1. Of everything in the stretch 128-160, what is among the aliphatic types (A, V, I, L, M), under 17 Å from residue 175 (Cα atoms) and surrounded by fewer than 16 Cβ atoms within 10 Å (Cβ to Cβ)? Give them in sequence order.
2. When you scan the stretch 58-81, do you find a residue that is surrounded by fewer than 16 Cβ atoms within 10 Å (Cβ to Cβ) and closer than 30 Å to residue 123 by Cα, even just one?
3. Go through 109, 15 for me and flag whichever is assigned to a loop (DSSP other than H, G, I, E, B), within 26 Å of the chain's Cα centre (by Cα), closer than 30 Å to residue 237 by Cβ and of a type outside the set (A, V, I, L, M, F, W, C).
4. Take the residues in the stretch 13-30 that are free of Cβ contacts under 8 Å to residues at least 24 places away in the same chain and not acidic (Asp, Glu), then tell me which one is surrounded by the most Cβ atoms within 10 Å (Cβ to Cβ).
5. Of the numbered conditions (1) farther than 23 Å from residue 14 by Cβ; (2) at pLDDT below 95; (3) surrounded by 14 or more Cβ atoms within 10 Å (Cβ to Cβ), residue 93 satisfies every one except a single condition; which is it?
6. Taking the stretch 199-237 on its own, how many of its residues are among the β-branched types (Val, Ile, Thr) and either closer than 15 Å to residue 3 by Cα or in a helix (DSSP H, G or I) (or both)?
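The values are calculated or read from the model by the stated rules, or taken from the named source; none is laboratory data. Just so it is clear, the model here is predicted, and its values are computed rather than measured. When we count neighbours, we look across all protein chains shown, and the Cβ atoms used for this are built from the backbone with ideal geometry, even at glycine.
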Amino acid sequence: MSRIASLPLFHQIAGQDVLVLGDGPAAEPKRRLVERAGGVVVDDLARAIDEGVRLAFIAYEDARACEVAAINARCAGMLVNVVDRPELCDFTTPSILDRDPLLVAIGTGGASAGLAKHVRLRLERVLPDTLGLLAKALEAVRPVLRGRLPDGAERRRAVDTALREGGVLDPFDPLAHERVTDWAAGSVDPATGEMVEITLSSPDPEELTLRQARLLGEADMLLLDGQVPPAILARARADAARRPRDGAALPEADDAGLTLILRYRPEN
């Protein structure tokens, strides 16, 4: 299994105290970030320790002061972020693309904030401003969709089919949110099965085509033909069923959702 450098989480801090230490230009963006997420900024370490604050941002201009504050906060049980000192951090803050309530967080584990920013800027130009409206509309129709499709697997396949490239709710379509209500009510046929075969010649996931990467992320079932490299399988959905292709009975198309026959034939 391939490893990731850190565990990405979305931490809800609305109404909670968060320690932010420092008065320089590095501290102010952290204060704004905390307040933007609904947190309450605390700027006194002793008070934060007494009140059991759980998160701390440290942005002193003096390197030694940052190190001492980080030790004290961590010993008090806080998770610590020290600005521009990834070796002192328990967590890092990503570059954020906001399509409320949809958030895209881009991080490099402290390697390069500039790289994360410029990836975000590229995505800003690509992702429609209406993605947030689509997310809210999908949330609003959950009860309707559960009533029409009570089976969880069937419901998931219907959502996947609608959200796929070219689907009725394609996220890259700026008008997709306007069709959610009719789709949930059944104006669009439920998901039907599809089976796709792809053959890979490299164990490097960076050599996947855009289509192959998309199929891996959408497939409900993977039928593995050969020893498919773990780095490739790491790009698949975590809940996708996986079976060896040899001797496996093919699922009924109407029940399978998207089945991906994944064949690995390394180049000689």
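1. Listed by number, the list holds a single entry, 140.
2. yes
3. Sole residue among the options that is assigned to a loop (DSSP other than H, G, I, E, B), within 26 Å of the chain's Cα centre (by Cα), closer than 30 Å to residue 237 by Cβ and of a type outside the set (A, V, I, L, M, F, W, C): 109.
4. Selected residue: 29.
5. Answer for residue 93: the failing condition is (1).
6. Here the count works out to 1.
Every residue, every condition in (1) in a strand (DSSP E or B); (2) in the same structural domain as residue 75 (by TED's automatic domain parsing); (3) under 19 Å from residue 85 (Cβ atoms); (4) among the basic types (Lys, Arg), yes or no:
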site: 20; (1), (2), (3), (4): yes, yes, yes, no
site: 23; (1), (2), (3), (4): no, yes, yes, no
site: 30; (1), (2), (3), (4): no, yes, yes, yes
site: 35; (1), (2), (3), (4): no, yes, no, no
site: 41; (1), (2), (3), (4): yes, yes, no, no
site: 46; (1), (2), (3), (4): no, yes, no, no
site: 49; (1), (2), (3), (4): no, yes, no, no
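So that you can scan it fast, the table gives a plain yes or no per residue for (1) charged (D, E, K, R); (2) modelled with pLDDT of 85 or more; (3) surrounded by fewer than 17 Cβ atoms within 10 Å (Cβ to Cβ); (4) not assigned by TED's automatic domain parsing to the domain that holds residue 141:
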{"residue": "179", "(1), (2), (3), (4)": "yes, yes, no, no"}
{"residue": "206", "(1), (2), (3), (4)": "yes, yes, yes, yes"}
{"residue": "215", "(1), (2), (3), (4)": "no, yes, no, yes"}
{"residue": "222", "(1), (2), (3), (4)": "no, yes, no, yes"}
{"residue": "230", "(1), (2), (3), (4)": "no, yes, yes, yes"}
{"residue": "235", "(1), (2), (3), (4)": "yes, yes, yes, yes"}
{"residue": "243", "(1), (2), (3), (4)": "yes, yes, yes, yes"}
{"residue": "258", "(1), (2), (3), (4)": "no, no, no, yes"}
